[in-house]
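Contents: one structure, followed by commentary.
No lab work stands behind these numbers, since they all come straight from the coordinates. Remember, predicted model here, so these are calculated numbers, not experimental data. As a convention, Cβ positions derive from the backbone with ideal geometry for all residues, glycine included, and neighbour counts pool all protein chains shown.
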Amino acid sequence: MAFTCTVPARPTVQVDDERVRITRWDFEPGANTGWHEHGMPYCVVMVLGGTLAIHNGEAVTHVTLAAGDSYTRPKGITHDVMNASEHPIAFVEVEMKR
């Protein structure tokens, strides 16, 4: 099952140095990141809360997070993330290079 994307999520790289890559992701309702795999462990901090629909290739999980909520993931997970809210959402993703 693939997401029906109305518009792609908008990434803005804020920092990319020898230690970290920090990217802000802005999503209109229905926007998604597209399939990708992280080569580094990372954490996400919500800026504008809402519901994320996370597709892992087999199933879709819906997670509702408030502004300020965060989570971490190891490297190597292939997935697609979509805004399942009826309003824009945003998060900051911090990928740890070392």
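Miscellaneous remarks
- Among residues of region 17-26 being acidic (Asp, Glu) and outside any strand (DSSP E or B), the one that is nearest to Leu48 (Cα to Cα) is Asp17.
- In the set (1) touching a residue at least 12 places away in the same chain (Cβ under 8 Å); (2) touching a Lys or Arg at 6+ places or on another chain (Cβ under 9 Å), Val15 fails one condition alone, (1).
- The residue list Gly57, Gly30, Gly68, Gly34 contains one member that is in contact (Cβ under 8 Å) with a residue 12 or more places away in the chain, closer than 29 Å to Asp17 by Cβ and over 11 Å from the mean Cα position of the chain (by Cα), which is Gly68.
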